[in-house]
Amino acid sequence: MQDDLAKLALRLELPVLANTSVDDLMSVRMDHGDAFQSFRLALQRQLRELRTMSDQSGVEKKLENLQHELEEVQVAEVQREVRRIQREVFRAVMIGAASLAAVVPSQGWSLSGLVGAAASAYKAGTGFQERVKEHPAFFLWKLKSSSQE
C-alpha cells in the first residue's frame, strides 16, 4: 500500500512544492513536524481510494480535484483562520493599550482591564497554534508563505 500511495503522491502536481526550495521545504518540515505529519496523513487518506481505480483518466481527474482542494480551498481556509486570529490578537492588544493608557489617570483601577487584555491576547495567540497548525493544509500554507517572503 505504501508504494502505491507514494506513486500516486508523485503524480500529484502541487505548484507550491515546485516553487519551494529544498532548504525552505526541509526548514518548514523540521520546524512544523506535526503539521507535516497531518498533511501526509490527510494526503494518504485521499489517495487511498485511488489505488483501487483502474480507469486512469478517472484517477487523473481525481488527482486534479485533490490538487485543487489542497492548494486552493484548504490553503484559503488556513489563510482565513490566520487573518481571523490576527484580528483577535490585534483587538486584544488595542484593548490592552487603552487599559494601559487609563491606568495612570484612574490611579490603577484599569489594571484589571490590562491583565484581561493580556490574557485575551495570549489565549488568541495560543489558539492560533492549536487550531491552525492542526489543519492538514497548514504545511502547504506555510510553504507558500515562506516562498513568498
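Summary of computed values
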{"read-out": "Hz values of 3J(HN,Hα) by residue in the stretch 52-66 - Karplus curve (6.51, -1.76, 1.60), Gly and Pro given as x", "value": "8, 7, 9, 7, 5, 5, x, 4, 4, 4, 5, 5, 4, 5, 5"}
{"read-out": "Extension reserve of the residue 37-residue 90 stretch, reckoned as 0.36 nm per residue once the Cα distance is removed", "value": "16.0 nm"}
{"read-out": "Local net charge near residue 67, Cβ-Cβ under 13 Å (Lys/Arg +1, Asp/Glu -1)", "value": "-3"}
{"read-out": "Inter-label distance for residue 7 and residue 130, nm, one decimal - labels placed 7 Å from Cα along Cα-to-Cβ", "value": "4.3 nm"}
{"read-out": "Difference of contour (0.36 nm per residue) and Cα-Cα distance, residue 56 to residue 68", "value": "2.5 nm"}
{"read-out": "Neighbourhood charge, 15 Å Cβ-Cβ cut-off, centred on residue 135 and excluding it, Lys, Arg +1 and Asp, Glu -1", "value": "+1"}
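No value in this document is a laboratory result; all are computed from the given coordinates. Only a predicted model underlies this, so the values are computations on that prediction, with no experimental measurement involved. Neighbour counts run over all protein chains shown; Cβ positions are idealised from the backbone, glycine included.
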